[in-house]
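The values are calculated or read from the model by the stated rules, or taken from the named source; none is laboratory data. This is a predicted model, so every value here is computed, not measured. Using ideal geometry, Cβ is built from the backbone for each residue, glycine included, and neighbour counts are taken over all protein chains shown.
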């Protein structure tokens, strides 16, 4: 008797032809799957070339249902909402949908340090990576920064991965486990994705502790009211390591009365003067605490941690010093795409009303009352920069001495230069997404830097 059965190759469909999608497609191919990638938009040339080189079939500019709805499993780009027509049809067919991180996690036994939060994710992720790399750890960087986790799992080997995770990425993670989960803060953001219900957004963020056991660690900001409220409602299996500005009960990291940063874990304890931290401002103190705690829990030598916290150079577009022109400091904080990010930026500015603040872009339902006290205390002028500035002009009218309404970056920078005198700080911290005038917050930040540098000429 002959066996005529054919072994079924798993059909993997990847939606989205960016960094994570192409990485997932390559990993699927490496694991012997029948892979197809589809992108409703245009795939950047370098990723299309990569797919061609790997002989992975793909399409762009459309979603061909007959090639997608026969999938055994779908890996979805985080940017595609579950309400997209193709996602609705996939759900109707009952096809499982996972994230690239979930997919990659199946094929590695590396330790995972995962970082989320409404603000500070990128800085904390890069700082943690910097500490581990400088300490000689074989570490990979993935998620919202760095390269695709799936691609690294397919082609390289790392002992530890440091991964920045957005709420969008966390949505489709089920069996993945963070050995160390870091939650910096939770403030309203992306609520249009979550039916304008804050609890839905909180639930997505808290998926970072999913599957953790008592051998794992959960690092979080102790004084965040949203995190605090959620922790009262759920059970945490992992060991908890809260951090706080000042010494509080149970705090594993804090600043003592002598202004020293203190970090205490069962494996490592660390003490260093706060003034020696390379990153300044309260928000960066929290970022340094979270990164330092992660490093201590991975048993990194305290000398290595201390040195890395002292020499880290920061993140582009996050409170990035651009230039000093005639005594006026220009700061690029284009990554501040929500109100809370701007709050942190303003908090780090000295008091005295010497800040000229550039606000505006694609509004995400912003409530500017959160920054109003800091604006009244520190801001002498607001320059609105966007296609529609009515909300900003209306809210801050009468609350700051000067408001200028501009509709291009060049006009905004020119207005700032005209308003500024020696001792002032021009701060681009827009509170808004960039998509009304720019391709991305990176594009906005780089064009701002170029316009500022042109003032010198």
* Asked: For segment 106-123, which residues satisfy the criterion of being surrounded by 24 or more Cβ atoms within 10 Å (Cβ to Cβ) and under 19 Å from residue 216 (Cα atoms)?
  -> 113, 114, 115, 116, 117
* Asked: Right, residue 437: touching a strand residue (DSSP E or B) at 6+ places or on another chain (Cβ under 6 Å) and crowded, with 18+ Cβ neighbours inside 10 Å or not?
  -> no
* Structure fact -> Taking segment 31-41 and keeping residues within 11 Å of residue 12 (Cβ to Cβ) and surrounded by fewer than 24 Cβ atoms within 10 Å (Cβ to Cβ) leaves 31, 32, 33, 34, 36
* **Per-region count, segment 164-187, residues over 20 Å from residue 240 (Cβ atoms), at pLDDT 90 or above and within 16 Å of the chain's Cα centre (by Cα)** => 1
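For every residue, the table says whether it meets (1) part of a loop (DSSP other than H, G, I, E, B); (2) crowded, with 22+ Cβ neighbours inside 10 Å; (3) modelled with pLDDT under 85.
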position	(1), (2), (3)
309	no, yes, no
315	yes, no, yes
324	no, no, no
329	no, no, no
335	yes, yes, no
342	no, yes, no
345	no, yes, no
350	yes, no, yes
357	no, yes, no
* Asked: Tally time: how many residues in segment 252-281 are surrounded by fewer than 19 Cβ atoms within 10 Å (Cβ to Cβ), outside any strand (DSSP E or B) and in contact with a strand residue (DSSP E or B) (Cβ under 9 Å, 6 or more places away or on another chain)?
  -> 7
* Output for segment 376-392, where each listed residue is farther than 17 Å from residue 424 by Cβ and part of a strand (DSSP E or B) -> 384, 385
* Flag if residue 24 is crowded, with 19+ Cβ neighbours inside 10 Å, part of a loop (DSSP other than H, G, I, E, B) and either touching a strand residue (DSSP E or B) at 6+ places or on another chain (Cβ under 6 Å) or touching a residue at least 40 places away in the same chain (Cβ under 8 Å) (or both) -> no
* Criterion violated by residue 446 - all others in (1) in contact with a helix residue (DSSP H, G or I) (Cβ under 9 Å, 6 or more places away or on another chain); (2) on the phi < 0 side of the Ramachandran plot; (3) surrounded by 14 or more Cβ atoms within 10 Å (Cβ to Cβ) satisfied -> (1)
* Asked: With 145, 160 as the choices, which residue is assigned by TED's automatic domain parsing to the domain that holds residue 225, in contact with a strand residue (DSSP E or B) (Cβ under 6 Å, 6 or more places away or on another chain) and modelled with pLDDT under 95?
  -> 145
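Any idea which of 217, 253, 239 is over 30 Å from residue 321 (Cα atoms), assigned by TED's automatic domain parsing to the domain that holds residue 297 and free of Cβ contacts under 8 Å to residues at least 60 places away in the same chain?
Every option except 239 fails the conditions.
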* Look at residue 225 and say whether it is closer than 20 Å to residue 287 by Cα, buried (at least 19 other Cβ atoms within 10 Å of the Cβ) and free of Cβ contacts under 8 Å to residues at least 24 places away in the same chain. => no
* To do: Test residue 174 against the stated conditions and say whether it is in contact with a strand residue (DSSP E or B) (Cβ under 6 Å, 6 or more places away or on another chain) and either surrounded by fewer than 20 Cβ atoms within 10 Å (Cβ to Cβ) or not in a loop (DSSP other than H, G, I, E, B) (or both).
  => no
* Structure fact -> Residue hits (segment 359-375; farther than 25 Å from residue 245 by Cβ and not in a loop (DSSP other than H, G, I, E, B)) are 359, 362
* Asked: Does residue 422 satisfy being over 11 Å from residue 334 (Cα atoms), out of contact with any strand residue (DSSP E or B) (no Cβ under 7 Å at 6 or more places or on another chain) and outside any strand (DSSP E or B)?
  -> no
* Residue by residue through segment 191-212, note down the ones that are surrounded by 18 or more Cβ atoms within 10 Å (Cβ to Cβ) and either modelled with pLDDT of 90 or more or not in a helix (DSSP H, G or I) (or both). => 205, 206, 207, 208, 209, 212
